[in-house]
Amino acid sequence: ETIRDFCEGKQYHKLFRPITKKVLLSTCKSILNMEEEETDRKMPPVKKKLQAKKKILVVDDSAMMLRNIKEMLEKEYEVILANSGRKALEMFSKKSPDMILMDYMMPNMDGRETFESIREMEGGEEIPVVFLTSVSEKDKIFAVFKYRPAGYVLKPPDKDKLMSTIVEVLSEKE
C-alpha cells in the first residue's frame, strides 16, 4: 500500500493523535497486514526505565552551606533544601525524602529538636538522618545518639567523605 493509498483511506488519523504504544503497534500491523507472531518475535527488548534519583533533604540555616551541599549532590541525587527546622518538617511531609542531612545548630528549632519531631512523624522513624555540623561537643553528640542517627559528619565536609557516607547510608536502607 502506498502512502497516497494510506492517506486517501483516511487511516492516518489513527497515528497522529496521542496514542499508546500498543495502539500504534496494532495500527501498524493492520496497515502492513502482518500477523501478530511475525512482529512480536522481531521487537527489540524494552529497556528498563531509569531509576528515579534518591531524594535528600538538606537542612541548614546557612544559605552558603545549602548551596555548597546542593552543588556537591545534585548530579547524583534530587536535593531538597530547608533553611530551618520548621521548614524541614514541612518539606519532609511534602517530599518524602530518602535521607536527611541536618545541621545541629539552628535558631528557634535546632537539629536535635527537628530530629525528635521527625522521629515522631509518620514514616519518620525509619528515615536515615546524618548530622552535618560543626558541633563536636560530646554532650551534644550523645544527646542525639539516643535517637540513632545514621551518621555524624563534621563541617566543612569533604566531598568524597560525604558522598561515601550517603552511599553507605542509602544502601543500608534498601
Tell me, yes or no, whether region 89-112 has at least one residue that is small (Gly, Ala, Ser) and under 16 Å from Leu170 (Cα atoms). yes
All positions within region 126-156 that are more than 20 Å from Asp98 (Cα to Cα) and either of a type in the set (Ser, Thr, Tyr) or not in a helix (DSSP H, G or I) (or both): Ser134, Val135, Ser136, Glu137, Lys146, Leu154, Lys155, Pro156
Here are some conditions: (1) farther than 26 Å from Asp160 by Cβ; (2) at pLDDT 95 or above. Pro97 meets all but one. Which one does it not meet? (1)
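Of the residues Phe92, Phe131, Phe115, which single one is among the aromatic types (Phe, Trp, Tyr) and either modelled with pLDDT of 95 or more or at positive phi (or both)?
On the way: Phe131 fails: either modelled with pLDDT of 95 or more or at positive phi (or both); Phe115 fails: either modelled with pLDDT of 95 or more or at positive phi (or both).
After applying the criteria, what remains is Phe92.
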Quick check on region 69-81: of everything there that is in contact with a Pro (Cβ under 8 Å, 6 or more places away or on another chain) and part of a helix (DSSP H, G or I), which residue is most open to solvent (accessible area, probe 1.4 Å)? Met72
Restricted to region 82-126 and to residues being hydrophobic (A, V, I, L, M, F, W, C) and open to solvent by less than 10 Å² (accessible area, probe 1.4 Å), the residue farthest from Ile69 (Cα to Cα) is Ile118
In region 157-171, what residues are without any contact (Cβ under 8 Å) to a residue 24 or more places away in the chain and either open to solvent by less than 70 Å² (accessible area, probe 1.4 Å) or assigned to a helix (DSSP H, G or I) (or both)? Asp160, Lys161, Ser164, Val167, Glu168, Ser171
Suppose the filter is within 17 Å of the chain's Cα centre (by Cα) and either within 17 Å of Val169 (Cα to Cα) or among the hydrophobic types (A, V, I, L, M, F, W, C) (or both); does Pro128 pass it? yes
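The values are calculated or read from the model by the stated rules, or taken from the named source; none is laboratory data. All values derive from a computational prediction rather than experimental measurement. Note: ideal-geometry Cβ built from the backbone for every residue, glycine included; neighbour counts use all protein chains shown. The accessibility values were calculated without ligands, DNA or RNA, using every heavy atom of the protein model including side chains. Shrake-Rupley method; radii C 1.70, N 1.55, O 1.52, S 1.80 Å.
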